[in-house]
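The values are calculated or read from the model by the stated rules, or taken from the named source; none is laboratory data. Not measured: the values here are computed from a predicted model. All Cβ positions, even for glycine, are placed from backbone atoms using ideal geometry, and neighbour counts span all protein chains on display. Please note that ligands, DNA and RNA were not included when accessible areas were found on the heavy atoms of the full protein model with its side chains. Shrake-Rupley method; radii C 1.70, N 1.55, O 1.52, S 1.80 Å.
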Amino acid sequence: MHSQDDLNYLAGQIGEFGKYQLFQHVLHCLVWLLAGVNVFSFVFVFPVIEHRCYVSEIDDEWSPNSELSTYIPTLEEEKLSSCEKYRNPGTNNSTISCGEHGYMYIYNSSYYGSSRITELDMVCEREWMRTLLQSIFLFGALVGAAGGGALADKFGRKPVLFYSGVLSFFWGFGSTFLDNFYLCTFCMMMYGVFGAGAGSVPAVTLSMELVGPSIRSYCGAAITFAFACGGVIVVGLAYFISWNASLLQLIYVTLSLSLFGNWWLVDESICWLWEQRRYEEAIQLLEKAAKINGIKLSFPEGFDQHSTVKSTQTEVQPQSQAKQQPANKASILDVFRTPEIRKRTLVMMCSWFAAAVLFFGLSFNSVNMFGNPYVVFLIVCVAEFPAHPISIFLMPKFGYKLMLVGNLLFSGTACVILAFLPSDIVSTTLAMVAKLSATMIYNIVNAYTSELFPTVIRNTTLGLCIMGARFGGCVIPLINMLTVFSGKLPEFIFGGTAIITSVAVLFFLPETMNKPIPQTIEDVENQRKQARKNDEVENGGISNVGYVHEG
């Protein structure tokens, strides 16, 4: 039977990052680009639109009118009520809702010519419909991330990646043309499962298991960059097709067709195949990679690349017997069975949750900031771009742990400050800087998570962590509803979550930068025990929970 050392010897020959890894990594990034399209498309297909009650006496379309105050109550800052009008115009003694005699609203069409919001009047008493749709879509992404990770560990990364792309198209297509709200809601949930959850997990794992240790931070940043590019595509299409929301949504969904070729283009993870003892398939992919990278692959002494047996002078194991040996398999229960894996999983799930709360909170609320919603959203997306080279440059210098703690503290503090600022250019600028920092957090956790966990459960734990991020996205619409109590509450929650998480990372996670990736759960637990012994020697018997392990 071949050993892990054999794989390390063979994989080391193809190089950390060559033509083969580049081509595969681009395909993995495409999955995340389309995940970004699927997630951010909600902002412009179901936008928050300025509206008020329809007043038959004076208007048939949106037009600010000095006479409106006679018919519609005036609120703070001289704004007209969005959901009420006077029962008897001119008396100002009692009000009724816009929908008391049928839902009749006037929408500001300055920016949005058409949307699913105006088609179904998802405002005022029916605003819960928009909140439910957004939450259920992101809940689907949460379920997809957890299920996709576990399935990819059991059946392979490639099948989950491919079928997620196919099913995301069909469920998204169905949600585009359904007028029934509840059927549309179900389709949106399934669209979230496959379009923003299940496929994104194996895409990250495939890249991280394919490239060398010094390249993983770059690949993590590239994946996050692809997600941000999805937002740019969304706002570009929305700007030019604002006149037809159904067509716009259909175009977003149709982009998933580009993933249909992944069955023939994307290769299975060599690490996963080796762990499952499918050595012949793994060796074929290693030879393919070596050929594309222009390298002649050489094998260890006594290594038979045409069988699942490694022959030695002291031991020869029959191939049939080798096949009978069970592969190293692990389930989701193993994630919580041992103390070190359990601790790492819980802290990283919280880190991904905090990253999502910051990232999506600032992204989804950007269209409500000062200025043109298309321009502001584009700036928010483009603000992420510098985060990638900055994080790539700084991570090798400071390590994953310190970078994660620093960015969580900075972006969390920025959100708290935003709660006290009015909606103007200053608050918009601070929000952009906070979004840049939140993007750096995503870059860090993408690479950090892949190095914290062993191969046998890496996809499962990554799926759980991304599930934590999707849960963070799910609660954003609910957190935003707290503005009815205080407009400052959402920013306080965003910031407080990040600050608390930074403390947990500081005390409970080790640094993994440029360290070997563990292959088994035992490797991680042995590292923990060895690190504690080292701490006891260095600190006179006092163990330090914020340890840094070696190897």
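Of the helices (runs of 4 or more DSSP H) entirely within the range 1-99, those holding at least 1 residues that are surrounded by 15 or more Cβ atoms within 10 Å (Cβ to Cβ) and either basic (Lys, Arg) or modelled with pLDDT under 80 (or both) occupy 4-13, 68-71.
Of the residues Gly231, Gly212, the single one that is at pLDDT below 90, buried (at least 24 other Cβ atoms within 10 Å of the Cβ) and under 28 Å from Thr439 (Cβ atoms) is Gly231. Filter the range 237-252 for residues that are hydrophobic (A, V, I, L, M, F, W, C) and modelled with pLDDT under 85; which is surrounded by the fewest Cβ atoms within 10 Å (Cβ to Cβ)? Among those residues, the one meeting the criterion is Trp243.
Here's the yes/no breakdown for (1) of a type outside the set (A, V, I, L, M); (2) out of contact with any Pro (no Cβ under 6 Å at 6 or more places or on another chain):
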{"position": "Ser115", "(1), (2)": "yes, no"}
{"position": "Met129", "(1), (2)": "no, yes"}
{"position": "Phe137", "(1), (2)": "yes, yes"}
{"position": "Gly144", "(1), (2)": "yes, yes"}
{"position": "Gly148", "(1), (2)": "yes, yes"}
{"position": "Arg157", "(1), (2)": "yes, no"}
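All conditions in (1) modelled with pLDDT under 85; (2) open to solvent by 20 Å² or more (accessible area, probe 1.4 Å); (3) closer than 19 Å to Gly230 by Cα; (4) part of a helix (DSSP H, G or I) hold for Cys381, with the sole exception of (2).
Answer yes if at least one residue in the range 401-413 is among the small types (Gly, Ala, Ser), surrounded by fewer than 23 Cβ atoms within 10 Å (Cβ to Cβ) and modelled with pLDDT under 80, and no otherwise. Don't jump to the end; show me each part of the working.
Within the range 401-413, the subset among the small types (Gly, Ala, Ser) is 406, 411-412.
Those left that are additionally surrounded by fewer than 23 Cβ atoms within 10 Å (Cβ to Cβ): 406.
Restricting the remaining residues to those that are modelled with pLDDT under 80 gives none.
No, the range 401-413 has no match at all.
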